[in-house]
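Notes follow the structure.
The values are calculated or read from the model by the stated rules, or taken from the named source; none is laboratory data. A quick note: this is a predicted structure, and the numbers were derived from the prediction, not measured. As a convention, Cβ positions derive from the backbone with ideal geometry for all residues, glycine included, and neighbour counts pool all protein chains shown.
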């Protein structure tokens, strides 16, 4: 069982608000690839592989990381037998580490088709094996702008689609829940159980249980599934949480449907939350500590 401090650290990495995200300044250029940085990442990965396993880059619930509930259920870290014996698994683990670091910067699984992913992996393999037929830097200089344009265009289309899905979900949720309230900011609040204690203010510490999903039902983080409540300062989390929890009282339980403008905007949050995503949380407020 993880300590309260470890759980709090995970939670904060997932939900700490960012001024650049809140203001929308990052928007779709979050997907731009800095080729020199990517090259440096691959070179440096071998020397920091061990220490990287303890950083937020590979933390299971960390925002902007590839290791989320969704990815763990479908990707190489899904539960099951190890693909290699103990002698070879460290090398496989190194490959996972490099892949997770790269995927935490750009969600290639979403942006590229299967055949395109195969081409991308061929490029990676050619560099690693030193078998590339063309000069890598010449290729990057010539096609780097096209890469950025491709990723930007596809990201914008994805954001547009994800936002539309969120808007439709909110409309449907309001239609199905007459007592749900949509605030001026766009937050949807639905009380599942009224509390009778204090309501938190932005400077207060709160203790909660939460279950977070995307509008398609994908679970991206859940203290309920981890089996432990979490404590945090209300002012440290996304604006949708700040507003929603302030409407609750100790002992209460509510559903919060949070539009992207009150969550992670067009930047998203790594593999956990897509750009432009609307989020749904079931939150139970146990304690308010001024």
Given the structure, is residue 227 on the phi > 0 side of the Ramachandran plot and touching a helix residue (DSSP H, G or I) at 6+ places or on another chain (Cβ under 8 Å)? no
Of the conditions (1) at pLDDT 95 or above; (2) in a strand (DSSP E or B), residue 220 satisfies every one except a single condition; which number is it? (1)
Just one of 116, 149, 131, 125 is part of a loop (DSSP other than H, G, I, E, B) and not assigned by TED's automatic domain parsing to the domain that holds residue 257; which is it? 131
Of the residues in the stretch 86-104, those that are assigned to a loop (DSSP other than H, G, I, E, B) and either in contact with a strand residue (DSSP E or B) (Cβ under 9 Å, 6 or more places away or on another chain) or without any contact (Cβ under 8 Å) to a residue 24 or more places away in the chain (or both) number 3
Subset of the stretch 185-204 that is more than 12 Å from residue 246 (Cβ to Cβ) and in contact with a helix residue (DSSP H, G or I) (Cβ under 8 Å, 6 or more places away or on another chain) - its residue that is surrounded by the most Cβ atoms within 10 Å (Cβ to Cβ): 188
Quick check on this structure: which one of 169, 210 is within 14 Å of residue 280 (Cα to Cα), out of contact with any helix residue (DSSP H, G or I) (no Cβ under 9 Å at 6 or more places or on another chain) and in the same structural domain as residue 280 (by TED's automatic domain parsing)? 169
What residue, of 213, 229, is touching a residue at least 40 places away in the same chain (Cβ under 8 Å) and within 15 Å of the chain's Cα centre (by Cα)? 213
Being part of a loop (DSSP other than H, G, I, E, B), in contact with a strand residue (DSSP E or B) (Cβ under 7 Å, 6 or more places away or on another chain), within 29 Å of residue 99 (Cβ to Cβ) and modelled with pLDDT of 95 or more: is that true of residue 277 here? yes
Name the single residue that is surrounded by the fewest Cβ atoms within 10 Å (Cβ to Cβ) among those in the stretch 232-264 being free of Cβ contacts under 8 Å to residues at least 40 places away in the same chain and not in a strand (DSSP E or B). 235
